[in-house]
Amino acid sequence: MSTETVTARRFAKMRPVPLTDAPPVDRAELPPGPRMHSLLQSIGLLRFRHQFVPYLHRRYGEVFSIKILPEGRHLVVFNRPEHVKEIFSGDPEVFHAGKGNAILGPVMGEHSLLLVDSAQHKRARRLLMPAFNGHALRGYQDLVTGLAKTEVERWTPGQAFRSLDRMNALTLEVILQVVFGVTDEVRLAQLRPLVNRTVNIPPLVFLGWGFPRLQKFGPWRATVENQIALDEVVFGVIAERRTAADLEHRSDVLSKLLQVHDEDGQGLSDEELRDQLVTLLLAGHETTATALAWTLHELARDPAQAARAREAATSGDDDYVEAVLKESMRLHPVIPMVVRHLMEPATIGGIDLPRGANVAASILLAHASETSHRDAGRFRPQRFLDGEVTINTWIPFGGGVRRCIGAGFSLMEGVAVLREVLTTYDLSLPAGETETPQVRNITSVPRRGARVVVRPH
Ligand code: HEM
């Protein structure tokens, strides 16, 4: 079957689907929340989350409900560590995560780890896990450090630049070379623009996938064409790698995935591999770049913290450098919440919830809680080394069986990048620069791109 047919079939098959056939949830069964129209609440949640969610928390208390689109859908928002624990440890057959991501289906594909639930999720997770364990991560480290060095050496001292853009370019390179294992410059040049266009699909195009006839027109047609072109290259890379003589000795994620088997001796098919690679790309590229950009912003605005971080980077104290990254992710959560869809009635925090309700663990609220984090508004990495940060109060990667599979990867990558930046340059902010979060796709990025000025150290 041609790549074009495979891609077209995926677009025809994968559409934003209803979460379940559960009957609409009765508002009276849920904790309190605003009465305004669900369109306004959805906009509040998607576009103005940094104001709307804390406002609802102040107004309605620890647990509240939001009515979201499509009409009749409800989200019950929790943030206390004991509630978060109940959500993360909930029975995966009851607490589904994949269904809410259906909108990503045409790009990620039906096998994507982010989209599947139950037995399918368990199998995919078991097959992908070995490529992300501690041993594997150590194998990726040198290549990541090399890429970070090349990027950092290109920066022009004395001129303000958007660190978010540079971090995006770097994390893309990491995905292509360390995850896909592509180092040939011709292939890289082919992949970069295709991948960039995949990552930057505008929200309107995503929403339009609910209407297949749109695929013949303008931006919808362009995304399908881009996907066909990307799939062609990705299937080409997979085919080449399958027959690579040095497969066993290669240290990229794809090569590892080509060697795994389930209990029936079955490996991952080409389509499964494509779906997982594109998922890793979309889930791992901008998220890590955003976390790094916020970290550079925090260090640039606080010379004392930057000096302490540099000392750690120079002396090889990776634990402290990691604490810097973690504290920045606490203060500026990249993803605002994780959501589970209830396939059966469930009780959380003593509240009985009906089948069909959606429950969220709010990362934004959990990280800003004064009860969990003393001086929550202050950037203080040391809190991670003093054992102050207790379980289920720092949850940037979600939790339970759905916890981000790339958490260790992104921390390893982040530490390697910070080490290079800190040992090469002094950081400062352009005069008068401040930052506020802005929603981009689902991530919260620094509005002005976390502009910094570097000077050789
Ligand atoms: C700072 C960087 C990152 C952040 C903040 C982040 C955050 C998250 C969050 C919140 C989830 C949902 C967890 C849940 O539902 O409980 C998730 C899932 C996931 N992430 Fe990440 N992520 C990051 C980096 C990465 C990287 C580098 C990769 C891969 C290379 C990756 C791959 C994935 C995948 C495949 C899932 C789905 C896991 C599953 O459903 O089993 N992420 N991530």
Span from the segment 343-369 Cα centroid across to the segment 371-415 one, whole angstrom = 20 Å
inquiry  = For LYS85, give me every one of the lysines with a C-alpha distance below 22 angstrom, ignoring sequence neighbours fewer than eight places off in its own chain.
reply    = LYS99, LYS122, LYS326
query = For the residue pair VAL401 and PHE217, what label-to-label distance in nm results when each label sits 7 Å from Cα along the Cα-to-beta-carbon direction?
reply = 4.2 nm
ask   = How large are Rg and Dmax for the chain when only the alpha carbon atoms are used, in Å?
value = 22.0, 63
ask   = What are the aspartates and glutamates whose alpha-carbon lies under 13 Å from the alpha-carbon of LYS149, with same-chain residues fewer than 8 places away excluded?
value = GLU173, GLU413, GLU420
17 Å reach of a label modelled at GLU4, 7 Å along Cα-to-Cβ, counting backbone N of segment 212-229 = 215-217, 221-229
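State the percentage of accessible surface on the chain attributable to carbon and sulfur atoms; use a 1.4 Å probe and exclude ligands, DNA and RNA.
Details: 11050 of 20160 Å².
Accessible surface attributable to carbon and sulfur in the chain totals 55 percent.
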query = How far, in nm, would the chain grow between LEU188 and PHE48 when pulled straight, counting 0.36 nm per residue and subtracting the alpha carbon separation?
reply = 46.7 nm
note = The ratio Rg/Rh over the Cα atoms of segment 290-447, Rh being the Kirkwood inverse mean 1/r radius, stands at 1.02
ask   = Among PHE384, PRO437, HIS373, whose Cα sits farthest toward the positive end of the charge dipole of the chain (+1 at Cβ of Lys/Arg, -1 at Cβ of Asp/Glu, about the Cα centre)?
value = PRO437
inquiry  = Using only the alpha carbons of segment 243-356, what is the convex hull's orientation-averaged projected area in square nanometres?
reply    = 13.1 nm²
Charge dipole (the chain, unit charges on Cβ, about Cα centre) - positive-most of LEU113, ALA244, ALA289 = ALA289
ask   = How would you rank 93-106, 156-169, highest first, on the average number of other Cβ atoms within 10 Å across their residues?
value = 93-106, 156-169
key: Pairwise label distance in nanometres, TYR60 with HIS457, each label 7 Å out on the Cα-Cβ vector   = 4.6 nm
query = At what distance in nm do the modelled label points of GLU82 and ARG447 sit from each other, each positioned 7 Å from its Cα along Cα→Cβ?
reply = 3.8 nm
remark   = In the chain, helical segments from DSSP H whose Cα atoms cover 24 Å or more along their own axis and that average at least 1.6 on the Kyte-Doolittle scale are none
note = With R₀ set to 30 angstrom, the calculated FRET efficiency between the beta-carbons of LYS13 and ARG126, to the nearest 0.05, is 0.75
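Any idea what the relative contact order of the chain is, in percent, if you count C-alpha pairs under 8 Å spaced at least 6 apart? Show your work: numbers first, answer last.
Numbers: 698 pairs, mean separation 112.6, N = 457.
Normalised by residue count, the contact order of the chain is 25 percent.
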query = Between ARG440 and ASP91, what FRET efficiency comes out of the Förster formula 1/(1 + (r/R0)^6) with R0 = 41 Å and r the beta carbon distance, rounded to 0.05?
reply = 0.75
ask   = Add -39500 (n - 2.57) for each DSSP H run of 4 or more in the chain, then divide by its residues: what number comes out at 222 nm, to the nearest 500 deg cm²/dmol?
value = -15500 deg cm²/dmol
query = For ILE351 and ARG374, what is the calculated FRET efficiency with R₀ set at 30 Å and r taken between the beta-carbons, to the nearest 0.05?
reply = 0.60
message = Accessible area per residue for the chain in Å², computed with a 1.4 Å probe and the full protein assembly in place, what is it?
response = 44 Å²
ask   = Just for the Cα atoms in segment 115-181, what are the lengths along the principal axes, largest first, rounded to whole Å?
value = 54, 25, 17
query = When ranked by the protection proxy of mean other Cβ atoms within 10 Å per residue, highest first, what sequence do the peptides 282-289, 232-239 form?
reply = 282-289, 232-239
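The values are calculated or read from the model by the stated rules, or taken from the named source; none is laboratory data. These numbers were taken from a predicted model, which means no experiment stands behind them. Counting neighbours? That spans all protein chains shown, and the Cβs are built from the backbone with ideal geometry, glycine included. For the accessible areas, the whole protein counts, side chains as well, though only heavy atoms, and no ligand, DNA or RNA atoms are used. Shrake-Rupley method; radii C 1.70, N 1.55, O 1.52, S 1.80 Å.
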